[in-house]
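Asker: Below is one structure. I have some questions about it.
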């Protein structure tokens, strides 16, 4: 049923909690997990302005998803990680739909409170537009 699970993470507390649910689904259904972290335009600009070189930028982004990787590694579940660029909601939906995932697991609140207030949360956008079931973790 849920063989291919997409786990959307951003380093927030809710996204870290969502890892546990993705692992449980993968274990229960013998599935795999693909974790995605989307770098939006503002984050990309800040990363470049505060870094000395592109390797430092890449290192900081990998550090952001390190807790997720560590938890997935410890679980023994087969997984992959992807760093994407763009607007998080649409990018996650595009990735999920193009690759025909069976389920998306995402935290209910991310790091960008301003976007949540003005535009609506990323999890809400994903739930509305993804072609597969979406598990939103509080």
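Asker: If you rank 103, 132 by fewest surrounding Cβ atoms within 10 Å, what's the result?
Answerer: If I rank by nearby Cβ atoms, fewest first, I get 132, 103.
Asker: Then there is this: Just order 62-70, 89-97 by mean Cβ neighbour count inside 10 Å, highest at the front, would you?
Answerer: Descending mean neighbour count gives 89-97, 62-70.
Values quoted throughout were computed directly from the atomic coordinates according to the rules given, and no laboratory measurement underlies them. Since the structure is predicted, the reported quantities are computational estimates derived from the model, not experimental observations. Positions of Cβ are backbone-derived with ideal geometry, glycine not excepted, and every protein chain shown enters the neighbour counts.
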